[in-house]
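The values are calculated or read from the model by the stated rules, or taken from the named source; none is laboratory data. Note that the structure is predicted; figures quoted are calculated from it, not measured. Here the Cβ positions follow ideal geometry from the backbone for every residue, glycine too, while neighbour counts run over all protein chains shown. The accessibility values were calculated without ligands, DNA or RNA, using every heavy atom of the protein model including side chains. Shrake-Rupley method; radii C 1.70, N 1.55, O 1.52, S 1.80 Å.
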Amino acid sequence: MSTSRKRLGVFTSGGDCPGLNTAIRAIVAHATLSYGWEVLGILHATQGLMERKAIPLNAEGLGGMDVLLNMGGTILGAINKGDTLGHADEVIAGYHELGLDALIAICGDGSLKILHQLAQKGNWNFLAIPKTIDNDVALTDRAIGFDTAVNTVVEALSRITSTAASHDRVFVVEVMGRTAGHLALYSGIAGGADIILIPEIPYSIEGICQHLQKLRDRWGRKFALIVVAEGAKPLEQDANHCHHASIAHYIADKIVQHSPIPIELRVSVLGHIQRGGAPMAMDRLLAAGMGNTAVDLAAQGTFGRMVAWQAGQVVTVPIAEVVAKCPRHVDPDSFLIRTAQGLGIYVGDKPMLPYVDPILCRNEVICAI
């Protein structure tokens, strides 16, 4: 530890998302104004440590930093590729040569696993803040960026629904989520989807076609909205999937081949639009609270923790436990899955379960089923 003014490093790692700059702003403000720390922004995460590239960040008057509230992306840059562990010694040396007394990383579950190994090997004073539009970091109900991404997708679905209804078309809309379907599930329910396909619950083309037929027979509706996470999987694996540009195109082609009724389909892959834009209010609040708490931990000398959001408040959890449990999947028996089914949404070939009140069960009250 340095004997002079303490120096805190901060960087963003993995894919970008809304709210990163808001978290940086909170860290800099609290560290400099409350504790008098010096803050270094490490450019492009571990690459910046390897190359010793860092910039001073300060909150003098906060005038210049207020713009960070409305700015998407990250002013420090991010990186989600390369053999970081293969250059572990160079990365570790960068932490020490920059004279850091502590390091806060704003990262997703993939980066966190790597950084945890580096921190242990390099004897870093390390803290983490979760961010990802996939919301799949373990032991936190929310990660920075998720809420804004949901709102972005919902807005897109609203626009797509208008044109789908006008032309009696079925739209297959692909969203991000390779291993976890939180984004598809939340945005699909909020955006009025008729079908939601996620990695955690297998689907069948037959089930999809039957649901589209039911919409037409029961409601006389010829248009529909299908939201699919990029990692959604059919009940029976199909080798032809790899020949399609995306899972959405694959599903669209299969529907055309197997539907007993004529269907006009369109595909929309939202792609990186989901990561962009200014953070919504919830992400700003999360980023502010998590950044503030991470600085307090550093000032107290408490390390090896990730700041998390649980039951409506900021808490801290051991990084080792987070890494061991990642990624966090959608629970197929969760209330949101039951909610979707209750709204008449097809969420894969899964029977609807009866509701059981978790509070009553926790109090050991007999639950009628």
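Here is how the numbers come out for the structure above:
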{"read-out": "Three-way shape call for the stretch 281-325 based on the alpha-carbon gyration tensor, with the a/c threshold at 1.5", "value": "oblate"}
{"read-out": "Base-10 log of normalised Debye intensity for the chain (one unit scatterer per alpha-carbon) at q = 0.10, 0.11 Å⁻¹", "value": "-0.68, -0.80"}
{"read-out": "FRET efficiency for ARG266 and ASP83, using Cβ-Cβ distance with R0 set to 35 Å, rounded to 0.05", "value": "0.30"}
{"read-out": "Cα gyration tensor shape of the stretch 259-363, rounded if a/c is under 1.5, else prolate or oblate by comparing a/b with b/c", "value": "oblate"}
{"read-out": "Rounded if a/c under 1.5, otherwise prolate or oblate - the stretch 132-267, Cα gyration tensor axes", "value": "oblate"}
{"read-out": "DSSP-defined beta bridges in the chain - what % are antiparallel, rounded to 5", "value": "25 percent"}
{"read-out": "Fraction of accessible area attributable to carbon and sulfur, the stretch 143-253 (%, probe 1.4 Å)", "value": "48 percent"}
{"read-out": "Charge context of VAL170, other residues only, Cβ under 12 angstrom, K/R +1, D/E -1", "value": "+2"}
{"read-out": "Point-to-point label distance, ARG52-ASN70, nm (Cα→Cβ direction, 7 Å offset)", "value": "3.9 nm"}
{"read-out": "Antiparallel bridge percentage (DSSP; both residues within the stretch 36-190; nearest 5)", "value": "40 percent"}
{"read-out": "Greater than 28 Å apart at Cα, pairs in LYS6/LYS113; LYS121/LYS233; LYS222/LYS254", "value": "LYS121/LYS233"}
{"read-out": "Local electrostatic count at THR179 - Lys and Arg +1, Asp and Glu -1, tallied over other residues with Cβ under 12 Å", "value": "-2"}
{"read-out": "Neighbour net charge for ASN151 - beta-carbon separation under 14 angstrom, K R +1, D E -1", "value": "+1"}
{"read-out": "Additional length obtainable on full extension of the chain from GLN117 to GLU155, 0.36 nm per residue less Cα span", "value": "9.8 nm"}
{"read-out": "VAL137 long-range amide H proximity, modeled H, under 5 Å", "value": "ARG328"}
{"read-out": "Distant-in-sequence amide H partners of ILE144 (H built 1.01 Å from N, under 5 Å)", "value": "LYS131, THR132"}
{"read-out": "Under the Karplus curve 6.51 cos²θ - 1.76 cosθ + 1.60, θ = phi - 60°, whole-Hz ³J(HN,Hα) for the stretch 271-278, x wherever Gly or Pro sits", "value": "x, 6, 4, 5, 8, x, x, 6"}
{"read-out": "Mean Kyte hydropathy of -0.5 or more with a Cα span along the axis of at least 24 Å, helices from DSSP in the chain", "value": "146-167, 281-300"}
{"read-out": "Computed [θ] at 222 nm, deg cm²/dmol, the chain (DSSP H ≥ 4; -39,500 (n - 2.57); rounded to nearest 500)", "value": "-11500 deg cm²/dmol"}
{"read-out": "Using a Förster distance of 35 Å, the FRET efficiency for GLU321-ARG218 (Cβ separation, nearest 0.05)", "value": "0.15"}
{"read-out": "Nitroxide proxy distance, nm - points 7 Å out along Cα→Cβ at SER166 and ASP349", "value": "3.8 nm"}
